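Following: one structure in structure tokens, then a few remarks.
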Amino acid sequence: MSSTIVQNPTASGAGQPVLGPQEILRAVEGELAATRFIDVHTHLFMPSLGKLGLWGIDELITYHYLEAELFRSSDLKPEEYWKMSKREKADAIWRALFVENAPVSEATRGVVAVLNAFGLPTNGSDLAKAREFFAGQKQEAHIRRVFDLAGVSEVVMTNDPLDPDEAPLWERGVEPDSQFHPVLRLDRILNKWPEHWRVLVAQGYAVNDGATGQSVSEVRRFLAEWCKRMQPIYMAVSLPDTFQFPEESTRARLLAEAVVPSCREFGIPLSLMIGVRYQVNPALRLAGDGAGKADLRAVERLCTAYPENRFLISVLSRENQHELCVYARKFNNLMPFGCWWFLNNPSVVEEITRERLEMLGTSFIPQHSDARVLEQVIYKWRNTRRTLAPILANTYRLLAEDGRPVTRSDIQRDITRLFRSNFEQFVGLRGEHGRVGAA
Ligand code: RAT
Ligand code: ZN
């Protein structure tokens, strides 16, 4: 195809110059850079939630993705590691993964990209300069700078109403923040009821250990009060690879009789992140979970049984990705999102995103960061843009080859849809589009 400028006669890009193959890649890169994304799932916290929000070099280096890698490249035993202070842990990881080895894995390379974004040394023998830099940052200005560097306009938090450190802050009343959207996270209720029902009792709800009798209506009352307090944009839970629905279990009963009806009542989606094999190696703590293939018929049954509900779905196993696309073609109340955790590597993201584009067009949410430490959004979104640019460009190149001219405004509209408006519409956020001066 030649890159001669012709006028596009189609509705979407009427009057716009048609792009040639070389121009397509540049236009995709320009629009990816110019569009402010919404980060639809993170573990970041707004400043009014105080110390819950992690940031800075020691947190970046002790990210659990890196802790898992430490024990492959060091003789240090997990029991010795857990006795160390945060700073000592960071020093041990820096030495093993950044000094004694080249940081080529996705998670280690991410730290390098963050240091580089702030003009800090990436190959130092210690972390002194980085520590000095982060200690000098003022939180709110730093957040603005980080969001600018990451190209995100806002992020979605993970807020746990049973977390003993978090719940009292909400109960006292926290200042909302338009850059951080709350999400009501239900793992403790749905996955660990026996360990947590007493916390609901302590909050004033008449529930029992078997979640029987009035427990279900009390959980609904609990959800209603937390929705009022938190104003979540969706509810969320992570689920094991063995997740089934329906089934004879406390989880399935609470899901069907409390969570799903509450989501309907408050007009918000339910996010299911399916496929975790919890604590495969408990010695590694947060880094000790694995992944397993799930039976997605549970998703089919949820989408069929509750057509009035909306489900945001991410699956952790690579083997489940194609099935998820097939289900999304059957149920428009299902929104696939993200390449989660062990999938967030360029090789896998590339495969999943191509499959989704081929099967779903632009009707999905390609990625979320899952950041636990503020500055991680810089590298995670940089990597997403870098991995996705050639995939999207190739999609448009094929389209042009097949006879449909492609314009910059086609690309802009699609990127906005993928990284903003699919989410805004699915959760019912306002429809304005964040876009900064496109190159
Ligand atoms: O990716 C992660 O950090 C995991 O540990 C999980 O937190 C996962 O993202 C989740 O939200 O359950
Ligand atoms: Zn997460």
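Can you tell me which residues in the range 323-343 are outside any helix (DSSP H, G or I) and closer than 19 Å to Asp295 by Cβ? Steps first, please.
Step one: of the range 323-343, the residues outside any helix (DSSP H, G or I) are 331-340.
If the condition is that a residue be outside any helix (DSSP H, G or I) and closer than 19 Å to Asp295 by Cβ, then Phe331, Leu334, Pro336, Trp340 are the ones that fit.
Could you list all residues from the range 147-188 that are polar (S, T, N, Q) and either touching a Gly at 6+ places or on another chain (Cβ under 8 Å) or modelled with pLDDT under 95 (or both)? If you could, list the steps in order and put the result at the bottom.
Taking the range 147-188 first, the residues polar (S, T, N, Q) are 153, 158-159, 178-179.
Correct list: Ser153 only.
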message: Residues that are of a type in the set (Asp, Glu), away from ligand 2 (no atom under 16 Å from the Cβ) and closer than 30 Å to Ala291 by Cβ: does the range 242-252 have at least one?
response: yes
field: Where Val276 falls short, out of the listed (1) surrounded by 15 or more Cβ atoms within 10 Å (Cβ to Cβ); (2) over 22 Å from the mean Cα position of the chain (by Cα)
entry: (2)
- prompt: Within the range 348-359, is there a residue that is open to solvent by less than 10 Å² (accessible area, probe 1.4 Å) and in contact (Cβ under 8 Å) with a residue 60 or more places away in the chain?
  reply: no
Output for the range 58-70, where each listed residue is away from ligand 2 (no atom under 16 Å from the Cβ), within 19 Å of Gln139 (Cβ to Cβ) and either in contact with a Lys or Arg (Cβ under 6 Å, 6 or more places away or on another chain) or open to solvent by 30 Å² or more (accessible area, probe 1.4 Å) (or both): Asp58
task: Find the residue count for the range 209-220, including only residues that are of a type outside the set (Val, Ile, Thr) and either open to solvent by 50 Å² or more (accessible area, probe 1.4 Å) or at pLDDT below 95 (or both).
output: 5
- request: Please find, among Leu270, Leu302, the residue that is buried (at least 21 other Cβ atoms within 10 Å of the Cβ) and farther than 30 Å from Tyr63 by Cβ.
  value: Leu302
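Kindly indicate which of Ala283, Ala224 is under 25 Å from the mean Cα position of the chain (by Cα), of a type in the set (A, V, I, L, M, F, W, C) and not in a loop (DSSP other than H, G, I, E, B).
Details: Ala283 fails: under 25 Å from the mean Cα position of the chain (by Cα).
None of the others qualify; the one that does is Ala224.
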query: Has the range 304-316 got at least one residue that is without any contact (Cβ under 8 Å) to a residue 40 or more places away in the chain, away from ligand 1 (no atom under 16 Å from the Cβ), in contact with a strand residue (DSSP E or B) (Cβ under 9 Å, 6 or more places away or on another chain) and over 23 Å from Phe71 (Cβ atoms)?
result: no
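So is Leu239 in a strand (DSSP E or B) and within 26 Å of Trp341 (Cβ to Cβ) or not?
Values: in a strand (DSSP E or B): yes; within 26 Å of Trp341 (Cβ to Cβ): yes.
Against the criterion (in a strand (DSSP E or B) and within 26 Å of Trp341 (Cβ to Cβ)), Leu239 qualifies.
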message: Looking only at the range 286-299, count every residue that is surrounded by 16 or more Cβ atoms within 10 Å (Cβ to Cβ), more than 16 Å from ligand 2 (Cβ to nearest atom) and in a helix (DSSP H, G or I) and tell me the total.
response: 2
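Which one of these is within 16 Å of ligand 2 (Cβ to nearest atom) and at pLDDT 95 or above: Leu223, Leu255, Leu239?
Working: Leu223 fails: within 16 Å of ligand 2 (Cβ to nearest atom); Leu255 fails: within 16 Å of ligand 2 (Cβ to nearest atom).
Among Leu223, Leu255, Leu239, only Leu239 is within 16 Å of ligand 2 (Cβ to nearest atom) and at pLDDT 95 or above.
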- prompt: Is it true that Asn101 is more than 22 Å from Phe71 (Cα to Cα), free of Cβ contacts under 8 Å to residues at least 40 places away in the same chain and not charged (D, E, K, R)?
  reply: no
- line: Counted residues in the range 317-347 being buried (at least 20 other Cβ atoms within 10 Å of the Cβ), out of contact with any helix residue (DSSP H, G or I) (no Cβ under 6 Å at 6 or more places or on another chain) and under 19 Å from Arg386 (Cα atoms) come to 5
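The values are calculated or read from the model by the stated rules, or taken from the named source; none is laboratory data. Everything numeric here is computed off the predicted structure, so don't read it as measured data. Cβ atoms come from the backbone with ideal geometry, glycine included; neighbour counts cover every protein chain shown. Surface areas here come from the heavy atoms of the whole protein model, side chains and all, with no ligands, DNA or RNA. Shrake-Rupley method; radii C 1.70, N 1.55, O 1.52, S 1.80 Å.
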